[in-house]
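Heads up: the structure comes next, in structure tokens.
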Amino acid sequence: MLSDKMEKALNGQINEELYSSYLYLAMAAWFESENLPGCAAWMQAQAREENGHALKFFKYINERRGRVTLQAIKEPTKEWKSPLAAFEASLNHEQHITGCINDLMNLALAEKDHATAALLQWYVNEQVEEEANVDSIVQKLKMAEK
Ligand code: FEO
């Protein structure tokens, strides 16, 4: 069984992941409006991936006989001043998510909840990849602006 505190924290992370999906969908919509379909497709793929992250927590909470409770998803930003600004916002957001995952891992370790820690290790690794991917695009766009 999950502790009440862990269950609440994991439900909070479902909301973070769904917001991530919504944010990337908003970026995809903005890139489409700017006639940049390649960037829009990249963001759509990210949005689907974030939805998958949310569903992985959803499945896990149920497997541990917890209760999934969905909360309102906040409205994402609608436009950015340049493609670089959008990708920088994405990088900042991923750094925020890494912080959330680290907080969850700290809680799991404090509670000696090894099963949750094992699940979270997947997200720790995933965040390394997510930050590296978007950072590489930010660096390329910065280079292109020189
Ligand atoms: Fe689910 Fe991009 O973090």
Relative to the longest principal Cα axis of the chain, at what angle does helix 37-63 sit, 0 to 90 degrees, rounded to 10?
0
Hey, what's the chain come to in accessible area per residue, 1.4 Å probe, Å²?
56
Aspartates and glutamates with Cα under 19 Å of K8, excluding same-chain neighbours fewer than 8 positions away
E16, E17, E63, D103, E111, D113
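Say R0 is 22 Å: what FRET efficiency, to the nearest 0.05, do N92 and L55 get from their beta-carbon distance?
Details: r = 24 Å, r/R0 = 1.10.
Here the calculated transfer efficiency is 0.35.
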Multiply the residue separation of S82 and N62 by 0.36 nm, subtract the distance between their alpha-carbon atoms, and state the gained length in nm to one decimal.
3.1 nm
For region 60-146 (alpha-carbon point model, no solvent) the Debye-based log₁₀ I(q)/I(0) at q = 0.16, 0.21, 0.27 Å⁻¹ works out to -0.80, -1.06, -1.27
Expressed in nm², what is the orientationally averaged projection area of the convex hull enclosing the Cα positions of the chain?
8.6
What is the helix-to-structure angle for 114-145, meaning the angle in degrees between its Cα long axis and the longest Cα principal axis of the chain, kept from 0 to 90 and rounded to the nearest 10?
10
Using a 1.4 Å probe on the protein chains only, how many percent of the accessible area of region 14-126 belongs to carbon and sulfur?
54
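Quick one: net charge around N62, please, counting Lys, Arg +1 and Asp, Glu -1 for every other residue with C-beta under 14 Å from its C-beta. Working shown, then result.
On the way: positive: K56, K59, R64, R65, R67; negative: E7, E63.
Net charge around N62: +3.
The values are calculated or read from the model by the stated rules, or taken from the named source; none is laboratory data. Model, not experiment: these values are computed from the prediction. Neighbour counts are summed over all protein chains in view; Cβ atoms, including those assigned to glycine, are modelled from backbone coordinates with ideal geometry. For accessibility, only protein heavy atoms count, side chains too; no ligands or nucleic acids. Shrake-Rupley method; radii C 1.70, N 1.55, O 1.52, S 1.80 Å.
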